[in-house]
1. What does the charge count near Ile64 come to, summing +1 for each Lys or Arg and -1 for each Asp or Glu among other residues with Cβ under 11 Å from its Cβ?
2. Starting from the Cα of Thr6, step 7 Å along the direction of its Cβ; do the same at Leu37; then give the gap between the two resulting points in nm.
3. Using a 1.4 angstrom probe with every protein chain in place, what is the largest-first accessible-area order of Asp88, Asp21?
4. Ignoring ligands, DNA and RNA, what percent of the 1.4 Å accessible area of region 60-100 is carbon and sulfur?
5. Send over a whole-number figure in Å² for the accessible area per residue of the chain, probe 1.4 Å.
6. Tell me which of Tyr3, Pro92, Met102 sits at the most positive position along the dipole axis of the chain, charges placed on C-beta atoms (Lys, Arg +1; Asp, Glu -1).
7. At what distance in angstrom do the alpha carbon centres of region 56-110 and region 12-37 lie from each other?
8. At a Förster distance of 30 Å, what's the computed FRET efficiency of Asn109 paired with Lys59, Cβ-Cβ distance as r, to 0.05?
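The values are calculated or read from the model by the stated rules, or taken from the named source; none is laboratory data. None of the values given here were measured: they were computed from a predicted structure. As a convention, Cβ positions derive from the backbone with ideal geometry for all residues, glycine included, and neighbour counts pool all protein chains shown. Surface areas here come from the heavy atoms of the whole protein model, side chains and all, with no ligands, DNA or RNA. Shrake-Rupley method; radii C 1.70, N 1.55, O 1.52, S 1.80 Å.
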Amino acid sequence: MDYTITYYSETVQADIMNLPDTLAARYIVLTRRIAALGPNLGEPHTKAFGEGLFELRLKGAEGIARVFFCTLVGRRVVMLHSFIKKTDKTPPRERWIAEARMKEVKHENP
């Protein structure tokens, strides 16, 4: 049984789909894998942060991007937040946004 991938909002989906070409292509490849195999693909593709929060790690000719997502009961994956990475470490603000959205999604879908 495959996993279902949804988005926190239409804006999040548009932001992801508007990533530079090689990053968007990598996103599509990895989300197909997630749909087939589950959310924890392991590094270098995904990184688990605990409590169901994961980071999808995209690397391409145009740079590096990250997409935070969470898992819900019933084999559901929700894409929460994306950003283009410009520093070595993930800025705390980016993770904070993802964590706040995850809490909201999990509260709505107990």
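1. +4
2. Taking the two extended label points, one gets 2.5 nm.
3. Reading off the accessible areas and sorting them downward yields Asp88, Asp21.
4. 57 percent
5. 59 Å²
6. Result: Pro92, furthest along the dipole toward the positive end.
7. 12 Å
8. 0.45
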